[in-house]
Structures are given as C-alpha cells and as structure tokens.
Amino acid sequence: MKGDVESIGSHCQLAYCHVLDFLPFRCESCKGTFCLDHRSEIAHKCPKEGEWARKRAGRDIAGTPTPAKPSLYEHDQQCYDTSCKTLINTSRMPANLCSTCRRSYCLKHRMPEDHDCKNVKPPGLAGRQNIIQQQADRVLSPLAKVKRWAEKKRQEEEDAKKKKKKGFSIFGSQTAKSDNTAKLNEVKRTAKGDASVPQDKRVYLFVEASADTTKAKFPTGKFYYNKDWTVGRVLDMAAKALQVQNVNNRGGGEEDKLRVFHVESGRLLKFSEKIGDPCISGNMIILLRGVGSGEPDLIDL
C-alpha cells in the first residue's frame, strides 16, 4: 500500500528535504525533481542556474546577450502585480499577457481592474527603473501597512485618553492604573509558554501574525518567554505556536524571511538581541514577512 502511494509523486532531490510531493516540479536547467518549497533554482542551489533562461532567450531573440544570472523579474517569471508573489510560466500557472500594459500576470490579476492597469507603465526605455521600483515596493509595502496600523492604534489610544479626561474625577488616575493592572493580569493568567521558565524570568507578550504577509491559522495569541532568550528563538517558537510558515533557516532571500516588529519601540528587532531588553510584560510583537533586516524608525514615539 505504501508503495502505491509513493508511486503517485516523486521525492524532492534536495538532500536534506526528500519530501514526497504528489505534483513535483522539474528544473529545466539541471533536470532535477523538487517539491514546492525548492522548485526555484535559488531554493535548490541549482548547479546550472540560469541555463534554461539563457537558452530560451537565445531562441526568442537571436544574438541578444543575456546576463549570466538573469533576474526573475526580467524574465517575467513572477506576476507583475506588486502585491503578488505567484510564479508564472509554469505548468500550474500560465502567464497571462495584458494587451493594454503589455505585462504578464497570474490568473488572479489577469484582468485590467485587478492589477490597476492604468497606472502600470508598459515596457520601454524605463523598464529597468520600473523593475527596481517594483522590487522596492515589495519590500516596503508590509512595513508601510504596519506603520498605518500602529498610527491608527496610537490615535485610538489618544482618543480614549481624551474621553477619560473629559469625565475626569479624583479617582481618574487610579482608574487608569487599575485598567493597566487588569490588562497585565489578564495576559499573565491566559498566556502560554514553557513551564520550566522561572517566574522572575518571564516576559508576557501579545503576539500577532500580520494578516497581510502570512497565512497564519491562529493570527494572535498571548505567550510568555524567558527574558534571556534571543529574538530569533522567540520568533521560531511564536511562528510554531501560531502555525505560520517559517523558512528562515532554509536560506533564500529576504522576501520569504520572518522578522519581529516591536510595536512599542517601533522597530524591527535583531535576531541576536535578548527579548527582555526591548520588551516588557504587556508589550506587543508582530511577525512580518519580507520586510528586510534593517531597523527603520516607523513610529515617532
């Protein structure tokens, strides 16, 4: 019975993966067979990287030189919509050329109204600049969305303070303090974590997976961690608890990596720093994908 199941698909040829994929991908450069996660030449470190693209370009435009390592965008292997990361020109996803802007899209973004066609510049002399700008938009977009979310949250808190100030009484400050204490007690009571972590070493946090950059099954949660644990370790544990795909240890580019954004300080945390240095109990961290490794100042606190 086991042999019948395995005969349906093929095992990924990557040495440390070898997962059984019922719809495997064939690399046209090295002729290997790989799973969904390692289908790209970069993911499986193809020994003949770019060979297929160079041969195809040579057939299409005779005598036109191509770079040694062609860009994914320059060869139209990815949907041109800036919010989409779907690979096109594959057996599963054919390219859909828009007759108006002359760009290629996946099935989801093939209609002009789905990819904002009127604002897309057609290929031409400024094509390279458009590619660079598109790559920048892919990186900055998640950060911009979190910034808007954080600013909205801050505005809501300010509005709440103003309402409290209008109905201020001699018990106003005591009530606010009581609310903060109740909130902290609530997260301490319901937070999950490693029971072996000493009470005096625990930091209790609200953890959220950004819906714009992940497909988490459970997007939020309350957890406690050891203050001395690194941000990288906390990220791995949080991603596992929220069931967010984590490929940080598989190599690849920044577009697939997860990062930890600390709401209260308004910055991305370094993997190597201890979680207890920037965070205190009651703070919130957000898991973001494809936002780079820098520490931009997103919120003017």
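So for the range 178-289, taking the charge dipole from beta-carbon charges (+1 Lys/Arg, -1 Asp/Glu), which of V197, Y225, V260 sits furthest toward the positive end?
Farthest towards the positive pole: V197.
Pulled fully out, how much extra length does the chain show between C17 and V197, if you take 0.36 nm times their separation in residues and subtract their Cα-Cα distance? List each step's numbers first, then the result.
On the way: separation 180, 0.36 × 180 = 64.80 nm, distance 3.29 nm.
Result for the pair: 61.5 nm of gain on full extension.
Around D228, under 13 Å between beta carbons, what's the net of Lys plus Arg minus Asp minus Glu among the other residues?
Around D228, the charge tally is +1.
Using a Förster distance of 35 Å, how high is the FRET efficiency between E151 and E186, based on the Cβ-Cβ distance and rounded to 0.05? Don't jump to the answer; show the numbers that get you there.
Numbers: r = 25 Å, r/R0 = 0.72.
Efficiency, rounded to the nearest 0.05: 0.90.
If I take R0 = 30 Å and measure r between the Cβ atoms of K45 and N89 in this structure, what FRET efficiency does the formula 1/(1 + (r/R0)^6) give, to the nearest 0.05?
Values: r = 21 Å, r/R0 = 0.71.
After rounding, the FRET efficiency stands at 0.90.
Bear in mind that the values in this text are calculations on the coordinates, not laboratory data. Values in this document were obtained by computation on a predicted structure and should not be read as measured data. Backbone-built Cβ (ideal geometry, glycine too); neighbour counts: all protein chains shown.
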